[in-house]
1. Only one of 74, 69 is hydrophobic (A, V, I, L, M, F, W, C) and not in a strand (DSSP E or B); which?
2. Does residue 112 count as under 20 Å from residue 164 (Cα atoms) and surrounded by 13 or more Cβ atoms within 10 Å (Cβ to Cβ)?
3. Which residue pairs have Cβ atoms under 6 Å apart, sit 6 or more places apart or on different chains, and have a first residue in region 42-56 that is in contact (Cβ under 8 Å) with a residue 24 or more places away in the chain and more than 13 Å from residue 79 (Cβ to Cβ) and a second that is of a type in the set (Lys, Arg) and buried (at least 22 other Cβ atoms within 10 Å of the Cβ)?
4. Consider region 389-417. How many of its residues are touching a residue at least 24 places away in the same chain (Cβ under 8 Å), surrounded by 16 or more Cβ atoms within 10 Å (Cβ to Cβ) and not hydrophobic (A, V, I, L, M, F, W, C)?
5. Are any residues in region 351-384 over 28 Å from the mean Cα position of the chain (by Cα), buried (at least 16 other Cβ atoms within 10 Å of the Cβ) and acidic (Asp, Glu), and if so, which ones?
6. Quick one: in region 35-70, of everything that is more than 22 Å from residue 321 (Cα to Cα) and hydroxyl-bearing (Ser, Thr, Tyr), which residue is nearest to the chain's Cα centre (by Cα)?
7. In region 169-201, what residues are among the acidic types (Asp, Glu) and not in a strand (DSSP E or B)?
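The values are calculated or read from the model by the stated rules, or taken from the named source; none is laboratory data. Keep in mind that what you see is a predicted model, and the values were worked out from it rather than measured. Cβ placement follows ideal geometry from the backbone for every residue including glycine, while neighbour counts extend to all protein chains displayed.
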Amino acid sequence: MTNDFQEKVSLYTETYRPQFHFSPKEKWLNDPNGMVFFEGEYHLFFQYHPHGTTWGPMYWGHAVSHDLLHWEELPIALYPDEHGEIFSGSCVVDWKNTSGFFEKENGGLVAIYTNADTYLDSERPRQRQSLAYSHDNGRTWKTYEENPVLSDEDITDFRDPKVFWHEESDRWVMVLATGQTITIYTSLNLIDWEFASEFGQDEGAHSGVWECPDLFPLMVDGNSDQLKWVMLVSIGDNPDFKEGSRTQFFVGDFDGKTFINNHDVDTILWLDHGRDNYAGVSWSDIPEKDGRRIYLGWMNNWRYANQVPTETWRGAMTLPRELTLISTEDGFDLLQKPVSEMNRIRKESKVIKEIVLTEEAYSMEVNHEFMEVNLIVTLEDAKEFRLGIHHSSDEKTSIRYDRITHMLSVDRTHSGENGFSDSFPGISECPIELMDDKLILQLFLDASSLEVFAQAGRRALTHLIFPQGMNHTLSLTAFGGGAEVEELSVTELSSIWRKRN
């Protein structure tokens, strides 16, 4: 075995270690940062504390992948400097060398991030935007000599720049979290920024500070003649808000300077209805021939992120997801589905069809530690459907659909270890309609997480769970009438840290 393989075998086998989600070799991880595709590599930077397993002074960790699944963790990319810690931000390919940082015509990678410190002789936080650039595909970085490039003394929470090139206006656009709004700036060279507009006052949810914005176009219903812009906004934890930190989205129009929301100002659209998908953004510079908008989130919640029961490492990412936009009677909806590259870790599937369900549970022993479950069930006259994932004799995660209330829920009250936080046990739910009386579920079960995608990605519920048992059994039950499972498939998933198929 190679030294790299031996290291992964020893590092990535701890209790609760994700086997097909990215996590750092050791120490603390939170928000994904600087996600960009360049010269055949997907770059993932991330908020990183290399000296502890709880949140601390922030650096940018760094990993690269050729398939969005198998990751090589590289040395730390950005370190705290004279301007402060390195908070969240983004990376772009400066193809036209607008910054002047590169000699070659096709430019290179530029990172735009928040430096965080305090004002002189004060405890008041200070957040300013800075630049760094790389001449060697992101392996080493040089900070811009005249950092910071953007600041505002009147705004305390002034952070998390997401930057992209807007072809129609021939300039760079930055969306920046500014307290309870998103402020948009433009630039010709990534260095000199001009205020363009502000969005979000009295729109959407305001239960916590706004963070980690993203803004990108998507085709509506796959029609290239109709484009809308999607803005993601994460909302920090607030003790008065039951769910803790989570992410909302808006759909509207953007002209290079101003974003106009197409939904009512009081409409709140949640990206994920589970507890553990936060601060996610999309990859920049995906090749046009690919055409996907690929998203990744931090799989945690600020309510208990520092307490989750892992030891040498703490923090992981969601599965990478392709985002698409559809039109509905109520406006627009954002669909999520795991990227097609998941095929690389799928093993053989067990498929069962035409299972008649009653109140007496149908059970299926699986005995896969890590797996994908796909299920299509027709709720004939049943009022309720339940799917239980039994991790051991006394550990179970329950998924329930109530046909009367049209609510889909995930209950992790008895999923395993949960005493580290009073906020962790509980039930998450979301409204969703059947499709021709059918409920369609896709589940991904890892060592310490469950991601649920319902109705072909119309809803997502992402949860951390910490079961001791790993030899799973499925139980399926219908109440108040009959139901039939058209098809149930269970697929074992390979570890991304072990030898590939």
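1. Details: 74 fails: not in a strand (DSSP E or B).
None of the other options fit; the residue is 69.
2. Values: under 20 Å from residue 164 (Cα atoms): yes; surrounded by 13 or more Cβ atoms within 10 Å (Cβ to Cβ): yes.
Judged against the criteria, residue 112 is a match.
3. Close Cβ pairs (under 6 Å, with a partner that is of a type in the set (Lys, Arg) and buried (at least 22 other Cβ atoms within 10 Å of the Cβ)) amount to 53/314.
4. Of the residues in region 389-417, 10 are touching a residue at least 24 places away in the same chain (Cβ under 8 Å), surrounded by 16 or more Cβ atoms within 10 Å (Cβ to Cβ) and not hydrophobic (A, V, I, L, M, F, W, C).
5. Result: 384, single match.
6. The selected residue is 48.
7. So in region 169-201, the residues among the acidic types (Asp, Glu) come out as 170, 192, 194, 198.
Matches in region 169-201: 170, 192.
Here's the yes/no breakdown for (1) in a strand (DSSP E or B); (2) at pLDDT 95 or above; (3) farther than 18 Å from residue 274 by Cβ; (4) not assigned by TED's automatic domain parsing to the domain that holds residue 245:
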| site | (1), (2), (3), (4) |
| --- | --- |
| 381 | no, no, yes, yes |
| 387 | yes, yes, no, yes |
| 390 | yes, yes, yes, yes |
| 412 | yes, yes, no, yes |
| 428 | yes, yes, no, yes |
| 439 | yes, yes, no, yes |
| 443 | yes, yes, no, yes |
